[in-house]
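Chemist: Below are the structure tokens for one structure; questions will follow.
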Amino acid sequence: PRVCVVGSGPAGFYTAQHILKHHGGARVDIYEKLPVPFGLVRFGVAPDHPEVKNVINAFTQTARSERCAYYGNVTVGKDVTVAELRQAYHAVVLSYGAEDNRVLGIPGENLSGVYSARAFVGWYNGLPENRDLKPDLSCETALILGHGNVALDVARILLSPLHLLRKTDITDGSLAALACSKVKRVWLVGRRGPLQVAFTIKELREMINLPGARPVLNPADFTGLENAIKDAPRPRKRLTELMIKTALEKPGEKTMEVQAVAAQAAAPREWGLKFQRSPQEVLPTTDGRRARGVRMALTRLEGSGDSAKAVPTGDVEELECGLVLSSIGYRSRPLDPAVPFDTQRGVIPNSSGRVEGVPGLYCSGWVKRGPTGVIITTMNDSFDTAQSVLEDLQVGVLDVSASREGFGAVESILGSRGVRPVSFSDWEKIDAAEVARGKAAGKPREKIVDPQEMLQLIGR
């Protein structure tokens, strides 16, 4: 059987890995829009979280398997259609992720100084499409809309001491911009309360212990929460307890976090969480061009726990800031008119990864279940889809007696359209060049951010 996977992030690689491991004869081809592989592991994971990127080693093993091939620099839906892939392969798995962001849908969203967290993360992580973002960091106060791990990542990068960032694979250009940054205060704002935050304890603790930055949490936000969390699941309970403790702590108490607080009392930078505020409008400067603040509706919660809804109370509040980052979630796009797409939910309608109404077409990762969870969530999800493919091969839903040409057929299509794919050994040349450049600067790697430069490097 010949299987093709569209997208080389964790979803694509885990799907490929599972099929190759559990079917001794399957061949899997992975197609990727960029010349370079690994998706959000390369372009999403924060530069100061190198341990999370270790999965790249396993993905590299998969790509080097003699039954696996990687074809970068191929945009499915443009260079080759899904229908053409379905002609060439017994099964096609769409694992292309969520390459867009949800919009706020409020006035002033397009003012200068307002960015999506997705674009900002892409900028400091070297995602080619965001390399020219040039965010304006000349203000003192930044406002991040959202209470997830991405919001914390962005806050941490804005406030991290430069000597910590210099040792990471953060891009050269963003490091230079952060060196000139005037930002010294970051507010993270959410529509709901402390019991609904989406970030995890590891990321919160890292933020609380960030050198040179002081946490500012309002004790009043946490009144009565000790009772409310008595029966909460343990992760939620521990997370809330850490917020309460941070809000109430006075310098001089003896825990490790508190010694940090003492050192931070004099800290030049600060960050805080604001709750039950929903953005209504980004306010413009007098010339109407730039953001100068955000007007927020104060909310009250209806219901409790994860399903609580934020309802405006009628009161509003204005917060001054020159930088607004919206971190309210990523969003998948439809890839090709031939593929059903639920625009409401931003996913491909499917059951266990089998695309509804299109036999032989599958999906895995964020485009299958929505943009939530961490790499391990995506791993399990991808194994689930791979299992569906294996079952369909076993029971004959996928007819393997009809031979399929796989990349042979696609190669001639791409050739006729002037597209030359990048192989995995080509990527390994780019990788070696990045690592060499990084070594010279005392970093794990210096990412190349221009696709043309990547292609020149491999002799295109």
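The values are calculated or read from the model by the stated rules, or taken from the named source; none is laboratory data. Quick caveat, the model's predicted, so the values are computed rather than measured. With ideal geometry, Cβ positions are generated from the backbone for all residues, glycine too; neighbour counts draw on all protein chains shown. Each accessible area value is taken on the protein alone, full model and side chains, heavy atoms only, with ligands, DNA and RNA left out. Shrake-Rupley method; radii C 1.70, N 1.55, O 1.52, S 1.80 Å.
Chemist: Filter the range 112-124 for residues that are small (Gly, Ala, Ser) and in a strand (DSSP E or B); which is nearest to the chain's Cα centre (by Cα)?
Modeler: Ranking the qualifying residues of the range 112-124, first place goes to Ser116.
Chemist: Here is a follow-up. Kindly evaluate Ala291 against the criterion of being more than 27 Å from the chain's Cα centre (by Cα), at pLDDT 85 or above and assigned to a strand (DSSP E or B).
Modeler: No: the conditions fail for Ala291.
Chemist: Quick one: would you say Tyr124 is at pLDDT 95 or above and within 21 Å of Pro50 (Cβ to Cβ)?
Modeler: So Tyr124 passes the test.
Chemist: In addition: Among all residue pairs at least 6 apart or on different chains, which show Cβ distances below 6 Å where the first residue, located in the range 218-234, is without any contact (Cβ under 8 Å) to a residue 40 or more places away in the chain and more than 18 Å from Ile201 (Cα to Cα) and the second is surrounded by 11 or more Cβ atoms within 10 Å (Cβ to Cβ) and of a type in the set (Gly, Ala, Ser)?
Modeler: Here the result reads Pro219/Ala247, each pair linking the range 218-234 to a residue that is surrounded by 11 or more Cβ atoms within 10 Å (Cβ to Cβ) and of a type in the set (Gly, Ala, Ser).
Chemist: Consider Asp315 carefully, then state whether it is in contact (Cβ under 8 Å) with a residue 60 or more places away in the chain and of a type in the set (D, E, K, R).
Modeler: no
Chemist: Looking at the range 125-213, what helices (runs of 4 or more DSSP H) fall wholly within it and have at least 1 residues that are touching a Pro at 6+ places or on another chain (Cβ under 9 Å) and surrounded by fewer than 18 Cβ atoms within 10 Å (Cβ to Cβ)?
Modeler: 162-165, 172-179, 201-208
Chemist: If only one of Ala402, Ala386, Ala436, Ala338 is out of contact with any Lys or Arg (no Cβ under 7 Å at 6 or more places or on another chain), open to solvent by 10 Å² or more (accessible area, probe 1.4 Å) and part of a helix (DSSP H, G or I), which one is it?
Modeler: Sole residue among the options that is out of contact with any Lys or Arg (no Cβ under 7 Å at 6 or more places or on another chain), open to solvent by 10 Å² or more (accessible area, probe 1.4 Å) and part of a helix (DSSP H, G or I): Ala436.
Chemist: Filter the range 319-334 down to the residues that are part of a loop (DSSP other than H, G, I, E, B) and open to solvent by 40 Å² or more (accessible area, probe 1.4 Å), then identify the one that is nearest to Glu391 (Cα to Cα).
Modeler: Pro334
Chemist: Hey, could you check the range 284-301 for residues that are surrounded by fewer than 18 Cβ atoms within 10 Å (Cβ to Cβ) and of a type in the set (A, V, I, L, M) and say which is nearest to Ala155 (Cα to Cα)?
Modeler: Only one residue tops the list, namely Leu298.
Chemist: Hey, could you check the range 432-453 for residues that are closer than 24 Å to Ser65 by Cα and touching a residue at least 12 places away in the same chain (Cβ under 8 Å) and say which is farthest from the chain's Cα centre (by Cα)?
Modeler: Ala433
Chemist: Considering each of Ser112, Ser65 in turn, give the residue that is touching a residue at least 12 places away in the same chain (Cβ under 8 Å), touching a Lys or Arg at 6+ places or on another chain (Cβ under 8 Å) and of a type in the set (Ser, Thr, Tyr).
Modeler: Ser112
Chemist: Is there any pair linking a residue in the range 404-429 that is over 10 Å from Val80 (Cα atoms) to one that is at pLDDT below 95 and part of a loop (DSSP other than H, G, I, E, B), with Cβ under 9 Å and at least six apart or on different chains, and which?
Modeler: Arg420/Arg460; Val422/Arg460; Asp426/Gly459; Asp426/Arg460; Lys429/Gly459
Chemist: Hey, can you tell me all the residues within the range 439-460 that are open to solvent by less than 20 Å² (accessible area, probe 1.4 Å) and part of a helix (DSSP H, G or I)?
Modeler: Correct list: Met454 only.
Chemist: Looking only at the range 355-375, filter to residues that are modelled with pLDDT under 95 and either hydrophobic (A, V, I, L, M, F, W, C) or part of a helix (DSSP H, G or I) (or both); which one of those is surrounded by the most Cβ atoms within 10 Å (Cβ to Cβ)?
Modeler: Ile375
Yes/no per residue for (1) in contact with a helix residue (DSSP H, G or I) (Cβ under 6 Å, 6 or more places away or on another chain); (2) open to solvent by 30 Å² or more (accessible area, probe 1.4 Å); (3) under 13 Å from Gly272 (Cα atoms):
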position: Asn218; (1), (2), (3): no, yes, yes
position: Arg234; (1), (2), (3): no, yes, no
position: Lys237; (1), (2), (3): no, yes, no
position: Thr246; (1), (2), (3): yes, no, yes
